[in-house]
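Remarks on the structure that follows.
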Amino acid sequence: MATNKVTTRPAPGAIERLYAAFDDPRRRWALYAVIIALLLLAPPVVGRYGTVILTNALLYVILALGLNVVVGFAGLLDLGYAAFFAVGAYTTGILTQQFGFNFWLTIPFALCAAAIAGVIIGGPTLRLRSDYLAIVTLGFGEIVRIGARNLEITGQASGLTGIPSPSVFGYTLTGPTTYYYIFAALAVLAVIAAQRLLHSRLGRAWLYVRHDEDAAEAMGINRVRVKLAAYITGAVFGAIGGVFFAANLGAISPQSFSFQQSVLVLMAVILGGMGKIPGVILGAFIVILGPELLRDIGSLRLLVFAVILLLIMLFRPSGIWPGRRS
Amino acid sequence: MSLTDILIQQLVNGLVLGSFYALVALGYTMIFGVIKLLNFAHGDIYMVGAFVGFGALSLVSGTIGAGWMGIFVAMFVAMIAVGFLGVVIEQVAYRPMLSAPRLSILITALAVSLVLQNAALALTDGQVTAFRTDLGFGGVSLGAVFVNYTQIVLVASAIVLMIGLELFVSRTMYGKAMRAVSLDKDMCRLMGINVQRVIAVTFFAGSALAAAAGVMAGVQYGRIWYFMGFLIGLKAFTAAVIGGIGSITGAMLGGLILGLLEAFATQIPHIGGEWKDVFTFGVLILVLVFKPTGLLGKSEVERM
């Protein structure tokens, strides 16, 4: 593997040309059409098991795009992203199962809860140095997981089961194919949202703060507010993923929101290329489909993955498909 | 048990726990001092130390037994081997990244942590390994409180190691160089100090102390597993922050304070047991928010 990395390295030109071809605005609409067609046609082709895996990959596209706002756009290392995912899933779980809410009504509550969680973790800590922030987010992720494991209302270690399936116009949403299409639609929405955010005033402020915090502040950008906005945006993406994750499985438990989960999402962002939306999507597919393809090597696959992450950081630190600005 | 007995019991527990935290926190703080890197892999170095110590103990237990003699030999072997592992990690993973953006080197450290963890996971199949020793169950009684000899020897060895480190840092050439590098790396280079070597020595010392703590934890708790470094890594970092990151005395103090806090917190209703980790992270967040320089740290002005 190491040799492979080294040999491909001297010729980045070819890879870059390929990416440039995808970035070309003239080809863009054709590319979008191909991607939408592939998304629509995938379930019958890949079969039931493949559909479930692809659904999971699409969930990770949403989560990775959300974390990318925090890490890639604003340059803040968040090691507890699974906490926001958990907040979304548990809010929906608790409200539908214990308070008899309609599924769709829980979404605004979940988003508010995630935003509040983003403010709680971000508010006091965003003034800290970046490495302190990383460890505080890690601690926060653990607090949420331990809380979910021990609180009565979250069902403790066994979690919540029997979360009712949502329905639209009397039609109940169940089955892997239905959820595949739901997640595909959400992922497309997430891509559009991330793209719009990146090119907004706020998006430019994020890039500026990441690039040079002091200069950004000197130009009148309120860095704490801008960073907080990144946190809240990331939290909202995570919560949406969590809400539909809960609806899809009908059951959630603390194991789904561990530190490993946060790391997996972070890996998707870094593998693909921090800040680069197509790169992050690619990264999400790699972290989910990669282990499936490597299933034969069993317990070694996580090790292989960790080594790949290390090699990427050493030889291609801006990811497989890096942004032009970085 | 009377209240005094409970307090004494928790004091003893806190000291044992605190000396483990202090040993691991020292590595964090030393490495942070010289290269300003938060070494996420440090907890996993501790875990590797426990496994190397376990391997060494299994090898020597046939000849010199698995008593204190064997344990100290195993601890020494683990410290040397893991010290070199620390140097290799520094050379391979961190050295090329020193000039890279901070986010990249943090993620590299995270990747090193994952590599170590998953290598141990693959080698042990995720099973908990029993760390068997021939130590007896003797001890001394203080009223209703029973203190194991094992605990006494472990705390004493931790203290010896910390005194050794303190002497190394304050009395030797490398110690002086280490302090100088943590103040101003570029100036050290101009003064003819081999900065790279000083960094390597720092990684060696920090990793060796973590390895010693890992072996001690194996002896104390009797079981080791691939994920044992995760939580202690976080807590030792908390300890280093409480003491003031970059300060060696601070790390020792922070470790002991955190150990004692945790031990006493287990006695408070609703905080004990499962919630004690939440308590620790709560302390971390409070310290970072209200006194980010910790007890003994110097405030650092970020220059543009």
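Just so it is clear, none of the values below were taken in a lab; they were calculated from the coordinates. Remember, predicted model here, so these are calculated numbers, not experimental data. Virtual Cβ from ideal backbone geometry, glycine too; neighbours counted across all protein chains shown.
If neighbour count is taken as other Cβ atoms inside 10 Å, put A:Ser262, B:Ser141, B:Ser58 in order from fewest to most.
Numbers: A:Ser262 26, B:Ser141 8, B:Ser58 14.
Listed from fewest to most nearby Cβ atoms, that is B:Ser141, B:Ser58, A:Ser262.
For the charge dipole of the protein assembly as shown, defined by +1 on Lys and Arg C-beta atoms and -1 on Asp and Glu C-beta atoms about the Cα centroid, which residue among A:Ala89, A:Ala185, B:Leu261 has the Cα displaced farthest towards the positive pole?
So the residue furthest toward the plus end is A:Ala185.
List, largest first, the extents of the alpha carbons of chain A along their principal axes, each in whole Å.
Principal extents (largest minus smallest coordinate, Cα): 58, 51, 41 Å.
Among the listed pairs A:Lys227/A:Lys276; B:Lys36/B:Lys235; A:Lys227/B:Lys276, give every one whose C-alpha distance is greater than 21 Å. Numbers along the way, then the final one.
Details: A:Lys227/A:Lys276 18 Å; B:Lys36/B:Lys235 19 Å; A:Lys227/B:Lys276 30 Å.
With Cα atoms farther than 21 Å apart: A:Lys227/B:Lys276.
Using a simple charge model, +1 on the beta-carbon of Lys and Arg, -1 on the beta-carbon of Asp and Glu, nothing else, what dipole does the range B:3-290 show about its Cα centre, in debye to the nearest 20? Intermediate results must be reported in sequence, preceding the final value.
Values: 13 positive and 11 negative charges, 146 e Å.
In debye, rounded to 20, the range B:3-290 gives about 700.
Work out the FRET efficiency for B:Leu295 and B:Thr63 from their Cβ-Cβ distance, taking R0 = 30 Å, and round it to the nearest 0.05. Walk me through the numbers on the way to the answer.
Details: r = 45 Å, r/R0 = 1.52.
Computed FRET efficiency for B:Leu295 and B:Thr63 comes out at 0.10.
Across peptide B:118-128, how many C-beta atoms of other chains are within 10 Å of each residue C-beta, on average? Write down the numbers at each step before the final one.
Values: counts 9, 5, 1, 5, 8, 2, 1, 2, 1, 0, 0.
The mean count of partner-chain Cβ atoms within 10 Å per residue comes to 3.
Translational diffusion coefficient, Stokes-Einstein: compute it for the range B:1-126 using the Kirkwood radius over C-alpha pairs as Rh, at 37 °C and 0.692 mPa s, and state it as an integer in µm² s⁻¹. Don't skip to the answer; put the middle values down first.
Values: Rh = 16.7 Å.
So the translational diffusion coefficient is about 197 µm²/s.
Any idea what Rg and Dmax come out to for the range B:234-296 if you just take the C-alpha atoms, in Å?
When restricted to the Cα atoms of the range B:234-296, Rg and Dmax are 11.3, 35 Å.
Helix-derived [θ] at 222 nm for chain A: sum -39500 (n - 2.57) over DSSP H runs of at least 4, divide by residue count, nearest 500?
After summing the helix terms and dividing by residue count, I get -25000 deg cm²/dmol.
Using the alpha carbon gyration tensor of the range A:226-326, what are the three equivalent-ellipsoid semi-axes (square root of 5 times each eigenvalue), largest first, in whole Å?
Details: eigenvalues 108, 93, 25 Å².
Computed over the range A:226-326, the values are 23, 22, 11 Å.
Given a 10 angstrom Cα cut-off, can you work out which residue in A:Ala115, A:Ala205, A:Ala306 is the most mobile in a GNM of chain A?
Between A:Ala115, A:Ala205, A:Ala306, it is A:Ala306 that shows the largest mean-square fluctuation.
Please report, to two decimal places, log10 I(q)/I(0) for chain B at q = 0.06, 0.07, 0.11 Å⁻¹ as given by the Debye formula with identical point scatterers on the Cα atoms and no solvent.
Summing over Cα pairs of chain B leads to -0.19, -0.26, -0.66.
Based on a Kirkwood Rh over C-alpha pairs, give the Stokes-Einstein translational diffusion coefficient of the protein assembly as shown at 4 °C and viscosity 1.567 mPa s in µm²/s. Provide the component values of the computation, followed by the final result.
On the way: Rh = 25.8 Å.
D, rounded to a whole number, is 50 µm²/s.
Please work out the C-alpha center-to-center distance from the range B:75-130 to the range A:168-244 and express it in whole Å.
What the calculation gives is 33 Å, centre to centre.
By count of other Cβ within 10 Å, fewest leading, how are B:Val52, B:Val92, B:Val87, A:Val87 ordered?
Details: B:Val52 22, B:Val92 12, B:Val87 17, A:Val87 27.
Final ranking by Cβ density, sparse to dense: B:Val92, B:Val87, B:Val52, A:Val87.
What dipole magnitude, in Debye to the nearest 20, does the protein assembly as shown give about its Cα centre under +1 on Lys/Arg Cβ and -1 on Asp/Glu Cβ? Spell out each step's value before the answer.
Numbers: 40 positive and 26 negative charges, 327 e Å.
That gives the protein assembly as shown a dipole magnitude of about 1560 debye.
Which of A:Leu41, B:Leu261, A:Leu76 has the fewest other C-beta atoms within 10 Å, and how do the rest follow up to the most?
Numbers: A:Leu41 10, B:Leu261 19, A:Leu76 24.
By the 10 Å Cβ count, ascending, the order reads A:Leu41, B:Leu261, A:Leu76.
Put a dot 7 Å past each Cα toward the Cβ at A:Trp104 and A:Ser130; how far apart are the dots in nm?
4.3 nm
Multiplying the sequence separation of B:Ser99 and B:Gln267 by 0.36 nm and subtracting their Cα-Cα distance, what value in nm do you get? Please report the intermediate quantities before stating the final value.
Numbers: separation 168, 0.36 × 168 = 60.48 nm, distance 4.70 nm.
Taking B:Ser99 through B:Gln267 to full extension adds about 55.8 nm, to one decimal.
How big is the range A:266-322 by the Kirkwood estimate over distinct Cα pairs, in Å? Intermediate results must be reported in sequence, preceding the final value.
Details: mean 1/r = 0.0896 Å⁻¹.
Taking every pair of different Cα atoms in the range A:266-322, averaging 1/r and inverting gives 11.2 Å.
For B:Trp225 and B:Met187 in one chain, what is 0.36 nm times their gap in residues minus the Cα-Cα distance, to one decimal in nm? Provide the component values of the computation, followed by the final result.
Details: separation 38, 0.36 × 38 = 13.68 nm, distance 4.31 nm.
That works out to 9.4 nm of additional length.
Given the options B:Phe76, B:Phe54, B:Phe137, which has the most mean-square fluctuation in a GNM of chain B, springs set between C-alpha atoms less than 10 angstrom apart?
Looking only at B:Phe76, B:Phe54, B:Phe137, the largest GNM fluctuation is found for B:Phe137.
Can you tell me the Rg and the Dmax, both Å, for the Cα atoms in the range B:54-192?
Radius of gyration, then largest Cα-Cα span, for the range B:54-192: 20.4, 61 Å.
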